[in-house]
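Quick note: the coordinates plus some simple rules give every number you see, no bench work behind them. This structure is a prediction, so every number in the text was calculated from the model and none was measured.
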Amino acid sequence: MQKLKILTAIATMVVASPALAQEITVWDVNVDDAAHATYYDHAKAAFEAAHPGATLNLLSQPDAEYYTLLGTALASKAGPDVIWANGGAQAKALVGGLIPLDDKLPDLIPKLVGKSAFTGPDGKLY
């Protein structure tokens, strides 16, 4: 449930900006996994119901190649709007291509557990 709240909050931030399209692309490694299908179907339906006119595109990437594909996409400024990432070194390696979330989700950030794993060297949460 916490993942759904974070996904919704971040995607809301994207939709709230009039300069951005109403189509939000999310990358994860489990979207096509039958064991996770109910969760993703629910998350997509809940988000789109809460944000009429917005479309959430959930794209599954191959697990073994995920961070390579993501790093390449972010470096070329062609990455998705929202990403899934493990914390720690893998997430911190992506900081240069991510937007800090500190001022975007002020009410949610204090409730996050393990946020140090997503904090960049600049002290900001990504």
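A few remarks follow.
- Between SER60 and ASP41, full extension at 0.36 nm per residue minus the direct alpha carbon distance yields a gain of 5.5 nm.
- Rg/Rg_globular for segment 37-122, with Rg_globular taken as 2.2 N^0.38 Å and Rg from C-alpha atoms: 1.21
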